[in-house]
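The values are calculated or read from the model by the stated rules, or taken from the named source; none is laboratory data. As the structure is a computational prediction, the values presented were derived from the model and not from experiment. Reconstructed Cβ throughout: ideal geometry from the backbone, glycine too, with neighbour counts over all protein chains shown. For accessibility, only protein heavy atoms count, side chains too; no ligands or nucleic acids. Shrake-Rupley method; radii C 1.70, N 1.55, O 1.52, S 1.80 Å.
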Amino acid sequence: LVHTVVGDLVGMTQAPAGGSHLTQALSMGPVLLRYFASLVWPPALSLVQDVPVVTRLSLVSLAGFAVVLAWAAAGVWLWRRRARPLVLGAWLAFFVPLLPVSQIAFPLQNQMADRYLFLSVLAPALLFGAAFDSVRSQAFVLAPLALGALGLSTGERAHLFASSRRAFADATAKTELSPVAPYLLGGALEEHREIPDAMRLYEVALARSRGS
């Protein structure tokens with residue numbers, strides 16, 4: 001309730017995507033799958049995310065909710081058997097922080113954003129830790145590999161976000177609908193006096209805002 005009231009006060013609420021709560025819920029199915037991907041594959045992250053409106057049940061939309069429900073069911077089953085309660089704990093760590101930005105109960109302006117995963121990232125960390133613990137005898141080999149992969153991923157992200165041009169160019173390449181990314185990239189190029197390229201990107205942003 002507080003989340004909705006504050007969002008409304010600052011102008012961040014909007015009508016459900018597609019005009020109804022059903023189409024909004026269907027549109028969030030693919031978003032859930034993309035959140036999963038973003039948690040395990042950093043190149044899927046983007047400053048701006050496109051969220052197309054889904055007006056009828058699709059395979060991708062169904063798969064998004066199926067993965068969440070299957071994970072929850074497996075977690076409850078394992079918890080009741082006192083086998084792996086961490087699976088349910090990881091599901092809660094992933095899903096509960098996303099509830100205020102699920103768009104179904106709390107319709108906000110941003111349908112999807114990487115920052116919404118700030119707390120949900122604990123879920124794969126818990127599962128990764130449990131998996132790592134189960135192969136403790138090979139830890140001396142796996143630990144350097146894991147740390148190396150995480151280090152390379154961190155370096156790649158740091159290099160990308162060290163430059164506004166690189167960051168906004170990445171977002172522009174990963175989106176087709178939102179005018180925000182090309183507009184921001186145009187602004188970054190304009191600051192560097194790259195006027196022709198900036199004008200071209202402003203035209204792209206204008207075309208996207210018109211839906212053309």
| Does L57 qualify as being free of Cβ contacts under 8 Å to residues at least 60 places away in the same chain, part of a loop (DSSP other than H, G, I, E, B) and open to solvent by 40 Å² or more (accessible area, probe 1.4 Å)? | yes
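Here is a yes/no grid of residues against (1) closer than 24 Å to W91 by Cα; (2) part of a helix (DSSP H, G or I); (3) touching a strand residue (DSSP E or B) at 6+ places or on another chain (Cβ under 7 Å); (4) touching a residue at least 12 places away in the same chain (Cβ under 8 Å):
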site	(1), (2), (3), (4)
V5	no, yes, no, no
A15	no, no, no, yes
Q24	yes, yes, no, yes
P30	yes, yes, no, yes
L33	yes, yes, no, yes
L39	yes, yes, no, yes
V53	no, no, no, yes
L62	yes, yes, no, yes
| request: Kindly indicate which of L47, L26, L32 is at pLDDT 90 or above and open to solvent by 30 Å² or more (accessible area, probe 1.4 Å). | output: L47
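Give the residue, chosen from P124, P107, P97, that is surrounded by 13 or more Cβ atoms within 10 Å (Cβ to Cβ), touching a strand residue (DSSP E or B) at 6+ places or on another chain (Cβ under 7 Å) and either touching a residue at least 60 places away in the same chain (Cβ under 8 Å) or under 25 Å from V67 (Cα atoms) (or both). Working first, answer last.
Details: P124 fails: touching a strand residue (DSSP E or B) at 6+ places or on another chain (Cβ under 7 Å); P97 fails: touching a strand residue (DSSP E or B) at 6+ places or on another chain (Cβ under 7 Å).
Just a single option satisfies the conditions, and that option is P107.
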| query | Can you pull out the residues in the stretch 64-86 that are assigned to a helix (DSSP H, G or I), out of contact with any helix residue (DSSP H, G or I) (no Cβ under 7 Å at 6 or more places or on another chain) and not aromatic (F, W, Y)? | reply | A66, L69, A70, A73, R80
| field | Unique match (being in contact with a Gly (Cβ under 8 Å, 6 or more places away or on another chain) and surrounded by 20 or more Cβ atoms within 10 Å (Cβ to Cβ)) among L185, L189, L201 | value | L201
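Please work out which residue is nearest to Q49 (Cα to Cα), limiting yourself to the stretch 67-94 and to residues that are among the small types (G, A, S) and surrounded by 14 or more Cβ atoms within 10 Å (Cβ to Cβ). Can you show your working first?
From the stretch 67-94, those among the small types (G, A, S) are 70, 72-75, 83, 89-90, 93; that's our starting set.
Filter again for surrounded by 14 or more Cβ atoms within 10 Å (Cβ to Cβ), leaving 72, 74-75, 89-90, 93.
Working: A72: 26, A74: 30, G75: 30, G89: 28, A90: 25, A93: 22 Å.
Here the answer is A93.
Evaluate the stretch 71-92: report whether one residue or more is touching a His at 6+ places or on another chain (Cβ under 6 Å) and closer than 24 Å to L22 by Cα. Working first, answer last.
Within the stretch 71-92, the subset touching a His at 6+ places or on another chain (Cβ under 6 Å) is none.
No, the conditions are met nowhere in the stretch 71-92.
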| Here are some conditions: (1) at pLDDT 85 or above; (2) surrounded by 15 or more Cβ atoms within 10 Å (Cβ to Cβ). L119 meets all but one. Which one does it not meet? | (2)
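Looking at R157, R166, which is the one that is open to solvent by 80 Å² or more (accessible area, probe 1.4 Å) and out of contact with any His (no Cβ under 6 Å at 6 or more places or on another chain)?
Numbers: R157 fails: open to solvent by 80 Å² or more (accessible area, probe 1.4 Å).
Result: R166 is the single residue among R157, R166 that is open to solvent by 80 Å² or more (accessible area, probe 1.4 Å) and out of contact with any His (no Cβ under 6 Å at 6 or more places or on another chain).
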| query | Of the conditions (1) at pLDDT 90 or above; (2) under 14 Å from I104 (Cβ atoms); (3) open to solvent by 20 Å² or more (accessible area, probe 1.4 Å), A63 fails just one. Which one is it? | reply | (2)
| task | Pairs only if they're at least six apart or on different chains, beta carbon under 7 angstrom, first in the stretch 142-160 and within 13 Å of G129 (Cβ to Cβ), second hydrophobic (A, V, I, L, M, F, W, C); list them, first residue then second. | result | L142/F132; L142/V135
